[in-house]
Amino acid sequence: MVSFERLLSKVTKPARYTGGEWNEVRKDHDAVEVLFALAFPDVYEVGMSHLGLRLLYHELNKRPDTAAERVFSPWVDMEAAMRQAGRPLFALESRAPVRDFDLVGVTLQYEMSFTNILNLLDLAGIPLLAAERGPDDPFLVAGGPCAFNPEPVADFFDLVVLGEGEEAVHDLVQAYLEWRGSRRDGGRRARRAAGKAGEGREGFLVRAASIPGVYVPSFYDVTYRSDGRLESIRPNRPGVPAVVAKRVVRDLDELDYPTDPIVPFLDIVHDRIMVEVFRGCTRGCRFCQAGVIYRPVRERSPEKVKGLAAELVRKTGYNEISLTSLSSGDYSTIAQTLRDLIEKHGPAGVGVSLPSLRVDSFDVALAEEVQKVRKTGLTFAPEAGTQRLRDVINKNVTEEDLLRTARAAFSSGWNAIKLYFMIGLPTETDEDLLGLVDLAQKISRVYDEVGHHRGPRGNRRALRLTVSTSSFVPKAHTPFQWEPQTPLDGLRRKQDLLRHRLPRRLAEFNWHDANLSFIEGVFARGDRRLGRALLEAHRRGCHFDAWSDHFRFDEWLAAFAAVGLDPTFYANRPRSYDEVLPWDHLSSGVAREFLIEEHRRAMAGESTPDCRTAGCTLCEVCPTLDVDLSLKGGAEASAHQG
Amino acid sequence: MRIRAEFVKGDRARYVSHLDFIRTWERAMRRAGLPVAMSQGFNPHPKMAPAASLPVGQTGRSEVIEVTLTEPVEPDDFARRVNAAMPEGFRVTRAKEVPAEAESPASSVSGATYVAWLSDETGAAGTASDGDAAASRPVAEAIERFMSAREVRVTRKSDKGEREVDLRPLVFELRWGDGRLTMVLAAGREGTARPVDVLSALGLDPDDWRVERTGLFKAAGPDPVKWTAAWDL
Ligand code: SF4
């Protein structure tokens, strides 16, 4: 066989494949019971920036009986070299083939990574369809945000974990050990003897299905109506829950947080310390899936955050601490925590940053503090151009708020601002799009009014305004899950309109590929039948679809046609409240009635406040999952809320 | 305080690029609690100066780096602490304090020695690693041809495009024995001969060969015996 070295001599960035980084955990396979591969279906730099993967790596490797190792998608050059050499997909730590692992966890981070998952399985030499796997094959486990509608990939996974995985993975490993028995009684290959009690592969799935949050797709039958819509999704055996509810961690302070994360050699996407300050977000933007599936808000206490940050600085050597969450400006003690961190670490040259400085939830004085140490751009996400449409999507930000913040930012020396918008939102008209242009113009006028913009060398600096638009994709579990996605020609027309009406000297205009948003829209609310389209797209060579150079729209359309599925049926069709949705058997804990009510309010242009400040708005996640909204701010938090 | 360290970049670390290696050092210094001085100016950066960059894939047996610290540290202590904070594959072998006015290896290094051998498992170019005569003869002959040539033109690819250079004056010595090719090459501002180019010029496939840099020098004339090691500058 061609040596590993020779493979690496042919490819760009070989350090993607070598492991050996600081804090990597390498264990002797003969000294552990369970081999757990954690795969992220994108390149190293993307996968290593994903906090969830690191949290699970830590949880699993903490177990003396388990070795967890990382797997990423080889970049196209490495893939070609591996295929040519007949070298199967390997895990970074041991370089052992992935198919020798007991369990392979795969992060479903975005729909457009689905073909990469099939490619990973193919490269690993693992049968793509769960039904075709035998006693020699690992169990494929899915997790991550797209696990809340895993139906398009349901046929490829043995099991799916819904919600937060830190506790669930332990249950899973435990169930696996109970099913298989110790490898000392017959070696790791014992699993090939179909479990110690001879239950077969299915025996493990039965055990797993009784773990809260675990969904076994093959234990559910889906039936369809003659018009193509779903008729029902029902368990096909006794003892399997009709609805699987997500896992949720009650108290973040009780959770063990990794303070010895791997420090990559390569410059990864998020190359810094990540301290997660809270989970969940209850701002209630109606297009946002994360805002539903990660509820309720649970904060980590500021003491804990600061303690972790200090330890991480010592153990990683990074010079930047990032406070991460869905919207870190909303952390109840954000101001004090930032000041404390800057005061403590600033003198040693360690900066503090927030993943995106969303000024709509943030005051400029605070941004200044962060700016002192590290130059980051200011980002506004009004999402829609008019107040009417912002009320529809429940983006509770007014034009005055934005202009006031912009003015403050310009006065303190900023000259670069990014504005994020969505196009194709429900009820959107051309007037809303032009409102976006209007908003950009007003911001530019504010800049001129503030005047006196001097760079570090006294030169006059122009305003750098960027307008970025993405296309709205209706997502499962959101109030807009019943809404049609704007058809492709409509999206293109809207983009053209903006291109023509947004003066080029005013702002740089960026937009997302509408074709990509369309395919994403198909899978975001897709059902099991789409697995065939995925297989076909994979056969046609689709992979790295999220990378614009590699996205092949024609092949996708051909794939749908080849399997006889109409993509517009999934993307562009309105659903009625009584339609059976492909994810109805999977629960985020948020009540369906709440989503319907939110949808109705959207159509009526009524906003809904954040339950952190306005009291419970009855989404029901807390009572359903027996968990509480938990702010750890103490005095400052209540002042903040008052 | 200016510290000069000699270190090994070993097998486990040989795919770490030069830029990534600098970041790795910087972070290791912070983990080790060694305060690196920062440069002045608009974009301050830590004062660390590797004597020469090492191409991806090559190991280095006797690499040199200089670091300026804001506090005095015992050189032995420095080496111990860096080693405890470095990922596998990097190891400081010795360290010493150098006076502020000492010549800087980063600006003075102009020559380097290398050794190359057929990597295992390739099977592509025969099994010459034991130096058997059949495989050795062509290499020895290629060396002779190379050394007696007046010029050896090679095309060098870079980001800026392709460029022709004469490799011959940049190669001081080539020796073949026991399956190992020893090279003494120019490496610095005045010109650099890359081992891969030399291997290609000898008609060998660089992908089959492992290359290790064995020393860095301030070259003075074509005779390596008269050169000064970077460590001793
Ligand atoms: S149940 Fe109430 S308090 Fe809990 S997340 Fe939902 S709205 Fe907020």
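The values are calculated or read from the model by the stated rules, or taken from the named source; none is laboratory data. Everything numeric here is computed off the predicted structure, so don't read it as measured data. Positions of Cβ are backbone-derived with ideal geometry, glycine not excepted, and every protein chain shown enters the neighbour counts. Quick note on the areas: whole protein, heavy atoms, side chains included, nothing else; ligands and nucleic acids left out. Shrake-Rupley method; radii C 1.70, N 1.55, O 1.52, S 1.80 Å.
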- Query: Looking at B:V64, B:V16, which one is surrounded by 21 or more Cβ atoms within 10 Å (Cβ to Cβ) and away from every other protein chain (no Cβ under 11 Å)?
  - Reply: B:V64
- Query: Could you list, in sequence order, the residues of segment A:567-625 that are within 16 Å of the ligand (Cβ to nearest atom) and in a strand (DSSP E or B)?
  - Reply: A:S587
- Residue pairs meeting the criteria (Cβ under 8 Å; at least 6 apart or on separate chains; first without any contact (Cβ under 8 Å) to a residue 12 or more places away in the chain, in segment B:212-233; second among the charged types (D, E, K, R) and open to solvent by 30 Å² or more (accessible area, probe 1.4 Å)): B:A220/B:K226; B:T228/B:K218
- Note on the structure: Residue pairs within 6 Å by beta carbon, gap of at least six or interchain, first lying in segment A:269-280 and closer than 12 Å to A:L354 by Cβ and at pLDDT 95 or above, second within 16 Å of the ligand (Cβ to nearest atom) and open to solvent by 20 Å² or more (accessible area, probe 1.4 Å), listed first then second, are A:V277/A:S325
- For A:V2, indicate whether it is surrounded by fewer than 23 Cβ atoms within 10 Å (Cβ to Cβ) and more than 14 Å from chain B (Cβ to nearest Cβ). no
- Some residue of segment A:608-617 being in contact (Cβ under 8 Å) with a residue 24 or more places away in the chain and of a type in the set (A, V, I, L, M): no
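Looking at A:L252, A:L266, which one is within 16 Å of the ligand (Cβ to nearest atom) and touching an Asp or Glu at 6+ places or on another chain (Cβ under 8 Å)?
A:L252
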- Among the residues of segment A:286-341, the number that are under 20 Å from the mean Cα position of the chain (by Cα) and within 14 Å of another protein chain (Cβ to nearest Cβ) is 0
- Determine which member of the set A:F553, A:F594, A:F560 is among the aromatic types (F, W, Y), open to solvent by 20 Å² or more (accessible area, probe 1.4 Å) and more than 29 Å from A:V244 (Cα to Cα). A:F553
- Task: Out of the residues in segment B:38-56 that are free of Cβ contacts under 8 Å to residues at least 40 places away in the same chain and within 11 Å of another protein chain (Cβ to nearest Cβ), state the one that is surrounded by the most Cβ atoms within 10 Å (Cβ to Cβ).
- Result: B:P46
- Message: Looking only at segment A:5-43, how many residues end up being within 12 Å of another protein chain (Cβ to nearest Cβ) and either closer than 22 Å to A:G144 by Cα or in a loop (DSSP other than H, G, I, E, B) (or both)?
- Response: 13
- Query: Of all residues in segment B:195-210, which are within 14 Å of chain A (Cβ to nearest Cβ) and open to solvent by 10 Å² or more (accessible area, probe 1.4 Å)?
  - Reply: B:V196, B:S200, B:L204, B:D205, B:P206, B:D207, B:W209, B:R210
- Any idea which residue in segment A:399-418 is nearest to A:E369 (Cα to Cα), counting only those that are small (G, A, S) and surrounded by 17 or more Cβ atoms within 10 Å (Cβ to Cβ)? A:A409
- Query: Of all residues in segment A:302-327, which are touching a residue at least 12 places away in the same chain (Cβ under 8 Å), of a type outside the set (D, E), farther than 28 Å from A:C285 by Cβ and open to solvent by 40 Å² or more (accessible area, probe 1.4 Å)?
  - Reply: A:K306, A:K315, A:N319
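Please go through segment B:71-92 and give me each residue that is touching a residue at least 60 places away in the same chain (Cβ under 8 Å) and open to solvent by 60 Å² or more (accessible area, probe 1.4 Å), ordered by number. I'd like the intermediate steps shown before the answer.
Within segment B:71-92, the first condition is being touching a residue at least 60 places away in the same chain (Cβ under 8 Å), and the residues that meet it are B:71-73, B:75, B:78-79, B:82, B:86-92.
Within segment B:71-92, B:E71, B:P72, B:E88, B:R91 qualify.
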- In segment B:147-177, anything among the acidic types (D, E) and surrounded by 13 or more Cβ atoms within 10 Å (Cβ to Cβ) is listed as B:D166, B:E173
- Of all the residues that make up segment A:419-436, how many are crowded, with 20+ Cβ neighbours inside 10 Å and within 14 Å of A:P382 (Cα to Cα)? 9
